[in-house]
Protein chains: 2
Amino acid sequence: MGKALVIGAGGVASVAVQKMAQNDDVFTEVMVASRTESKCQDIVARCQNTKTKLSTAQVDADDTAAVVALIKAFDPDIVVNLALPYQDLSIMDACVETKTHYLDTANYEHPDTAKFEYKWQWAYMDKFKEAGITGILGSGFDPGVTSVFAAYALKHEFDEINTIDILDCNGGDHGYPFATNFNPEINIREVSANGRYWENGEWIETEPMAIKREYNFDEVGKKDMYLLYHEELESLAKNIPGLRRIRFFMTFGESYLTHLKCLENVGMTSIEPINFQGQEIIPLQFLQAVLPDPSSLGERTVGKTNIGCIFRGKKDGKDKTYYLYNVCDHQEAYKEVGSQAVSYTTGVPAMIGAMLVLKGLWERPGVYTVDEFDPDPFMDGLNEWGLPWRQDFSPELVD
Amino acid sequence: MGKALVIGAGGVASVAVQKMAQNDDVFTEVMVASRTESKCQDIVARCQNTKTKLSTAQVDADDTAAVVALIKAFDPDIVVNLALPYQDLSIMDACVETKTHYLDTANYEHPDTAKFEYKWQWAYMDKFKEAGITGILGSGFDPGVTSVFAAYALKHEFDEINTIDILDCNGGDHGYPFATNFNPEINIREVSANGRYWENGEWIETEPMAIKREYNFDEVGKKDMYLLYHEELESLAKNIPGLRRIRFFMTFGESYLTHLKCLENVGMTSIEPINFQGQEIIPLQFLQAVLPDPSSLGERTVGKTNIGCIFRGKKDGKDKTYYLYNVCDHQEAYKEVGSQAVSYTTGVPAMIGAMLVLKGLWERPGVYTVDEFDPDPFMDGLNEWGLPWRQDFSPELVD
């Protein structure tokens, strides 16, 4: 049916490409490109028993001209951007120039400010319309599936949604006292940034980690979770009519937070170099060298993720509560694609979004978040491709 | 009156030498010797308005022949060993060879085993007797003052002492989330070693930090303290007749322990080198480079230490309880001698012990711990030289 150019070769790209190769009626040709071509080749080597024609390329995603040249050479129907969030704009520019559909899983972040905002990408609306191409923003799990859940709830279960609580629980255990899936600096930013949620038309800021709740997650159990800002709050606050409040909560274990705090306290997470035996060394880089290699975690991580949305609103004049969520097992994901659930829950929705564009079901010139399309084929895709959803009509609520 | 050779130039030596210079009727001549002579010169420069004749020398305390040569050249009446515990035996050998009195503040520890035992030094009994010289073992605060307290209590307050609890509280605050006064490796050994106490003639081992109590210390307040093994338990269990139980407790803050544990968990306290950017680096050494310089802590440490012994026993046929302790203020110590209370409480008793030898009050051929001498002149010395003691006849007890 169509050709996809995947840019990026990390855990999420690995899952998305393997899922495309499973879905070979839709993805007839896939090229994987990244700065390090050997990583692309490793991904392709994982794809067995597929009719999809797979290839690889080397590309610097920061270099729009290089991306344009690659697009012209491969001539894909869609570019699936699974590179770094810093690189969204340079890749979008290449899509405009070559009139190629675009999809990503995380919104643009300026390297220096670490402030998630859609405004940089929403500014491409007219350019995409003029080029006649579709830009899908944030087609991972959160953002992504959580926004599709909101569109689905509004379409089928509510006349009006008044509050949304997005709950992101990772109940995985890698057996180390402390390790990070990715750069600890990003972890530290996350827990040291102010919290933010939207209520009655206004953004309300809180101290970092100031709002804490305990929640009993299906198939995971009781976990502490903390209110954070997350990018889908911006698009859903704008797009869901009648919404009065939307919040986002993420689970963090007490031990994880204690270790992170202690390491920060003693200066081990600093990015200011210190002089050690005549050499300038950045403490954070030394810490990463001491910690377990993130790529070694997948194999040993057990447990499940549980991510979803609790909606409250009105249906046929009555109050209604509704919880939509997915449970994903780290070890099952690892067995299927060699990556644990954190990559799996992001890579599968990227494939589904790209599939809907290729099938013409989610084609609309401009740039849009996933809540702005018909949720039904996406919801079917989740059930078909490994992230089945569950619903609960009387869930525990978050106060 | 006499000449002292002080070996060592750390914080304790700095306090002891300054106190000797204050006590210039007794200490007519003092030489300070260490591996780094400039550190000795810094100590001498702190001593103003004194009749004591001060000098410095370079010496390797591991090298008995070098210490013998220095003793022969300077001809001291006593060698005051404030070097590393690893060096006790090489210095004792030099004292035997030159027939010079000896005093230290910490018992011999083998570099590889970190096991505090008196047997290595008690083995010098006959050699010291034959040489006609006095060897005073452990004349710091603990061991040292705590043992003198026991001898004093037995002489004046009890017919029989049945239990002793030694309580060592450091209520100092340097204002950092985490810092160590010395090598963090030694701190880690301390908290990860098994606890041990003596009861009814037997040593009882516990898991590390397994016995925890809260105690309300005079002038400090409530602190958590943990049962540890400490070297004076061995000599007091042997020397105090009628003793049924002796224990030692040291305070550690929860935050201090948490930081230490986290750093251990992530591997930052390991002494196994890791490869970092092509170079072998020991994580513990890198950690020390990141932590505040221990020498910078004295100036900013506020608060007090409170160290003492709670005795229970019989007097005139009745049960009796008695608490002897000293409170020392970090900032007052720093103002007087440029070192905080941890060094002050060790350096002052070293000077007092040496003074009693020079005065002939504690002269007895052989090697002895300080509880084996008349405690009265030592107790007077504490009041005169900056560590006044207090007594409480109805103290809070430790269960």
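Across chain A, the relative contact order, built from alpha-carbon pairs under 8 Å that are at least six residues apart, equals 21 percent.
If you sort the three axes of the alpha carbon gyration tensor as a ≥ b ≥ c, you get a/c of 1.5 or more for region A:145-337 and a/b above b/c, which makes it prolate. Within a straight-line Cα-Cα reach of under 12 Å, B:LYS212 can be paired with the following aspartates and glutamates, leaving aside sequence neighbours fewer than 8 residues apart in one chain: B:ASP224, B:GLU254, B:ASP399. Please report the spacing between the Cα centers of region B:194-237 and region A:1-30 in Å, no decimals. Each part's Cα centre sits 64 Å from the other's. Straight-line cross-link partners of B:LYS129 among the lysines, defined as a Cα under 23 Å from its Cα and at least 8 positions apart when in the same chain: B:LYS3, B:LYS72, B:LYS99, B:LYS119, B:LYS238, B:LYS359. Considering only alpha-carbon pairs that sit under 8 angstrom and 6 or more positions apart, the relative contact order computed for region B:2-137 is 22 percent.
With equal scatterers on the alpha carbons only and no solvent term, can you work out the Debye log10 of I(q)/I(0) for region A:1-64 at 0.11, 0.26 1/Å? Computed log10 I(q)/I(0) values: -0.21, -1.06. Here chain A was treated as a single set of alpha-carbon atoms; its pair distances binned every 20 Å from 0 give 27, 59, 13, 0 percent. The mean number of partner chain beta-carbon atoms within 10 angstrom of a residue's beta-carbon across peptide B:259-267 is 6.
Springs join every pair of Cα atoms under 10 Å in this Gaussian network model of chain A, and among A:GLU202, A:GLU109, A:GLU234 the largest mean-square fluctuation is at A:GLU202. Chain A residue nearest the axis that carries A onto B, by Cβ, with distance in whole Å, is A:CYS262, 2.
Other protein chain C-beta atoms within 10 Å of residue C-beta, averaged over B:282-289: 4. Estimated from the Cβ-Cβ distance and a Förster radius of 35 angstrom, the FRET efficiency linking B:LYS129 and B:ASP75 is about 0.95. Cα centroid separation, region A:257-320 to region A:327-399: 24 Å.
A simple spin-label model places pseudo-atoms 7 Å from Cα toward Cβ; at A:THR206 and A:GLU384 they are separated by 4.0 nm. In order along region B:93-104, the phi-based Karplus estimate (6.51 cos²θ - 1.76 cosθ + 1.60, θ = phi - 60°) of 3J(HN,Hα) comes to 4, 5, 5, 4, 4, 9, 6, 10, 4, 9, 8, 9 Hz; Gly and Pro are listed as x. Assuming a ≥ b ≥ c are the square roots of the Cα gyration tensor eigenvalues, decide whether region B:26-106 counts as rounded (a/c under 1.5), prolate (otherwise, with a/b larger than b/c) or oblate. The shape class here is prolate. Estimated at the nearest 10 Å², the accessible area of A:THR28 is 60 Å² with a 1.4 Å probe. Distances from B:GLU160 to itself in the other copies, using label points 7 Å out along the Cα-Cβ axis, amount to 8.7 nm in increasing order. The 1.4 Å probe gives accessible areas that order A:TYR322, A:TYR197, A:TYR86, largest first, as A:TYR86, A:TYR197, A:TYR322. Give the shape of region B:2-137 as rounded, prolate or oblate, defined through the alpha-carbon gyration tensor: a ≥ b ≥ c are the square roots of its eigenvalues, a/c under 1.5 means rounded, and otherwise the shape is prolate if a/b is larger than b/c and oblate if not. Note, shape of region B:2-137 comes out prolate.
Taking Cβ atoms as reference points and 10 Å as the exclusive limit, the residues near B:GLY253 contribute a net charge of -2, counting Lys and Arg as +1 and Asp and Glu as -1. Projected over all directions and averaged, the alpha-carbon convex hull of region B:163-264 occupies 7.1 nm². Listed as lacking a disulfide-compatible partner in chain A: A:CYS40, A:CYS47, A:CYS95, A:CYS169, A:CYS309, A:CYS328, by the criterion of no other cysteine Cβ under 4.7 Å. Restricted to Cα atoms, the protein assembly as shown shows a radius of gyration and a Dmax of 35.7, 105 angstrom. Suppose R0 equals 30 Å. What FRET efficiency, 1/(1 + (r/R0)^6) with r the Cβ-Cβ distance, do A:GLU396 and A:ARG46 give to the nearest 0.05? E(calc), rounded to 0.05, equals 0.15. Measuring r between the beta carbons of B:ARG245 and B:ASP62 and using R0 = 41 Å, the FRET efficiency lands at 0.60.
The values are calculated or read from the model by the stated rules, or taken from the named source; none is laboratory data. The structure presented is a predicted model; accordingly, all values stated were derived computationally and were not measured. Note: ideal-geometry Cβ built from the backbone for every residue, glycine included; neighbour counts use all protein chains shown. Surface accessibility is based on the protein's heavy atoms, side chains included, excluding ligands, DNA and RNA. Shrake-Rupley method; radii C 1.70, N 1.55, O 1.52, S 1.80 Å.
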